[in-house]
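Structure record follows, encoded as structure tokens.
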Amino acid sequence: MTRTQPSVSTVVALLFVTFGSMVSRGDDVDVYLLSGQSNMQGSGRVDDLDASFRKPVENTFYWNGTTFELFHPGKTKLSGRDGNFGPEIGFVESLRDAKQTQPIYIIKFYRSGQPLDAGWNGGQWIGDPPGPHRATFYPGTTQDDPNRGRHYQDWMRMCEAAMEVLRGGGHMPVVRGVLWMQGEQDSKNEVSAGRYAASLRDLRRRVSDDLKIDLVPWVFGQVLPHEPALDRFTHRPQIREQMWRLDERSNCDEATDGMRMVSTDHLPLLDDTVHYASAGQIELGRRFASAMAAMQHEPRRATEFAQQAAAANLKIEKGDFHGFLMYQFALNNVPCRVACPKEVAPGTPWVWRARFWGHRPEFDVRMLQQGWHVVYCDVADLYGSDQAIERWNAFYAQLQTFGFHKAPVLEGMSRGGLIVMRWASAHPDQVAGIYVDNAVMNMRSWPGGTLPGGLTSGKGSKGDWEKCLKAYGLTTESVAGFHDGPLDRLTPLANAGVPIYALINQADGVVPPEDNGNLLAAKYRELGGSIIEHRRPDLDHHPHGLDDPAPIVSFAIESMIKAQ
């Protein structure tokens with residue numbers, strides 16, 4: 001593998017695919033769920049519409065509470081107030097202008113002036129814990145949660161009834177996306193405004209579970225565009241910030257794959273500065289449609305990975321990793337995980353996490369936001385032995401069939417350093433870089449320590465030491481002659497130019513640096529290898545990681561560029 005310096009310029013290819021790329025799916029019909037409070041109900045006036053909007057829309061149907069009727073603005077009742085409409089007209093117009101020919105079914109539910117947060121009961125703030133029979137969209141924690149809000153239950157009943165009508169007519173309803181326009185009420189309290197991102201993320205999950213649908217794209221509008229806001233919207237800045245942070249493009253901790261915010265800034269408002277005028281409602285619907293189109297048709301690696309796994313006869317289960325879709329499966333009866341970015345960086349780069357999945361995930365989450373995959377293959381209780389290497393070989397080979405980059409960045413935390421370094425030394429041309437974090441480099445130091453056959457510098461772990469010796473086929477007498485650990489296998493890595501980033505807590509009493517990190521740095525530098533030593537003088541074995549992983553992120557990206 002040739003390692004080069006980073007190039008000066010980057011070529012970015014943009015691909016735009018319209019709704020016209022959809023193909024007919026037999027009896028499947030596209031369903032969109034629209035929900036929220038007053039701006040979803042709508043304050044647009046049908047009398048303001050020109051003739052082009054007042055015609056029936058072919059192949060588009062609207063749930064009227066009993067059946068689906070042909071969508072006909074001016075005749076179809078679209079709001080609780082006669083003669084009013086919401087964002088659905090602009091949304092449908094954009095779908096049809098994009099030559100979408102598949103039948104479209106709209107299910108719209110709204111409750112004016114109503115909250116999402118469980119701490120509310122209609123217009124009254126009650127606070128935690130959640131209680132039953134409250135007038136909220138709060139979805140509860142399970143389908144049987146007695147604290148689910150009344151509005152949420154009514155919404156689910158409407159959706160279930162509407163889709164049952166479709167099934168009864170010989171159709172298979174396929175929910176393609178959700179539009180959400182709500183939050184003004186939640187902005188009136190510090191708690192509900194401050195946790196709105198978590199509340200809306202939970203709502204999405206519950207809707208998916210309760211309706212037994214996939215985690216489809218959610219598009220939501222950012223509330224209260226007018227500045228200054230009316231006095232009653234006391235926490236407008238906080239809820240707007242929460243909404244932006246939830247957007248999958250925000251690169252914030254709350255960013256959630258498959259959720260996207262549309263700005264409502266500059267939309268025409270009524271004199272109350274809260275509700276959208278007719279032109280504002282039309283444009284809001286168009287913005288919803290544009291965002292939905294982008295989410296449905298941008299390359300989505302999670303969907304592609306699921307298809308690849310199915311073709312390889314892997315039985316996968318969906319999970320969530322800090323807002324990113326994660327797949328869990330067994331390969332040769334070994335548990336594996338793959339967390340997928342929303343959009344894949346060029347070359348399909350990836351981080352291979354060795355142990356302790358989910359502990360101190362700051363670096364992993366940041367790499368997902370950068371478009372990298374983060375993967376895991378269980379090698380617990382094998383301590384980097386040859387059997388662990390065989391497991392990783394099989395996992396690596398499988399990922400290669402899925403198009404992953406030839407050379408990942410390896411991440412070894414604590415005992416994960418054993419497998420990371422031994423696998424890398426066996427495959428130096430298949431590694432872009434190595435990040436080790438208070439990592440074990442000498443098993444006689446840990447788990448051996450002061451135990452028979454170990455070293456005196458570490459505390460050791462009796463149970464782990466016994467399992468480690470067994471994994472390597474060693475005894476307390478023969479282990480002193482073992483010279484095939486990470487520190488013995490550095491030459492192939494140095495010769496291949498594999499860079500290392502070593503986070504070393506100098507007061508580590510579990511994995512003492514004098515027999516691990518310090519020796520790694522000294523030996524690797526002697527061999528001409530490139531190593532970054534990030535030392536923290538007063539810290540013990542914990543904490544691992546960095547609150548701001550920017551230096552490790554930069555190392556990973558630069559390592560990948562050099563490995564191209």
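The values are calculated or read from the model by the stated rules, or taken from the named source; none is laboratory data. Since this is a predicted model, take the numbers as computed values, not measurements. Neighbour counts run over all protein chains shown; Cβ positions are idealised from the backbone, glycine included. Areas reflect the complete protein model, heavy atoms only, side chains present, ligands, DNA and RNA absent. Shrake-Rupley method; radii C 1.70, N 1.55, O 1.52, S 1.80 Å.
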Exercise. Across segment 352-365, what is the number of residues that are surrounded by fewer than 24 Cβ atoms within 10 Å (Cβ to Cβ) and touching a helix residue (DSSP H, G or I) at 6+ places or on another chain (Cβ under 6 Å)?
Worked result: 1
Exercise. Which of (1) of a type in the set (Gly, Ala, Ser); (2) crowded, with 24+ Cβ neighbours inside 10 Å; (3) not in a helix (DSSP H, G or I) is the odd one out, the single condition Gly417 does not satisfy?
Worked result: (3)
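Going by the structure shown, is Leu368 free of Cβ contacts under 8 Å to residues at least 60 places away in the same chain, in contact with a Pro (Cβ under 6 Å, 6 or more places away or on another chain), within 24 Å of Asn438 (Cβ to Cβ) and crowded, with 22+ Cβ neighbours inside 10 Å? Talk me through it step by step, then tell me what you get.
On the way: free of Cβ contacts under 8 Å to residues at least 60 places away in the same chain: yes; in contact with a Pro (Cβ under 6 Å, 6 or more places away or on another chain): yes; within 24 Å of Asn438 (Cβ to Cβ): yes; crowded, with 22+ Cβ neighbours inside 10 Å: yes.
Judged against the criteria, Leu368 is a match.
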For this session: Could you check how many residues of segment 135-150 are without any contact (Cβ under 8 Å) to a residue 40 or more places away in the chain, surrounded by 24 or more Cβ atoms within 10 Å (Cβ to Cβ) and not polar (S, T, N, Q)?
Result: 2
Problem set entry | Scan of segment 420-452 for residues that are open to solvent by 10 Å² or more (accessible area, probe 1.4 Å) and among the charged types (D, E, K, R), ordered by number | Asp429, Arg444
Exercise. Which residue pairs have Cβ atoms closer than 6 Å, lie 6 or more positions apart in sequence or on different chains, and pair a first residue in segment 331-343 that is closer than 12 Å to Phe402 by Cβ with a second residue that is of a type in the set (Ser, Thr, Tyr)?
Worked result: Val338/Tyr327
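Let's see how each residue does on (1) open to solvent by less than 20 Å² (accessible area, probe 1.4 Å); (2) under 17 Å from the mean Cα position of the chain (by Cα):
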{"site": "Pro335", "(1), (2)": "no, no"}
{"site": "Trp350", "(1), (2)": "yes, yes"}
{"site": "Gly384", "(1), (2)": "yes, no"}
{"site": "Phe404", "(1), (2)": "yes, no"}
{"site": "Ala407", "(1), (2)": "yes, no"}
Exercise. If His235 satisfies every condition in (1) open to solvent by 10 Å² or more (accessible area, probe 1.4 Å); (2) touching a strand residue (DSSP E or B) at 6+ places or on another chain (Cβ under 7 Å) but one, which is the exception?
Worked result: (2)
Problem set entry | Residues being outside any loop (DSSP other than H, G, I, E, B), over 14 Å from the mean Cα position of the chain (by Cα) and among the charged types (D, E, K, R) - total across segment 308-333 | 1
Exercise. If you scan segment 536-550, which residues turn out to be under 31 Å from the mean Cα position of the chain (by Cα) and open to solvent by 60 Å² or more (accessible area, probe 1.4 Å)?
Worked result: His542, Asp547, Asp548
Exercise. Would you say Arg176 is within 24 Å of Gln296 (Cβ to Cβ), in contact (Cβ under 8 Å) with a residue 12 or more places away in the chain and of a type outside the set (Ser, Thr, Tyr)?
Worked result: yes
For this session: Could you tell me whether segment 473-484 includes any residue that is of a type in the set (Asp, Glu) and either open to solvent by 50 Å² or more (accessible area, probe 1.4 Å) or modelled with pLDDT of 95 or more (or both)?
Result: yes
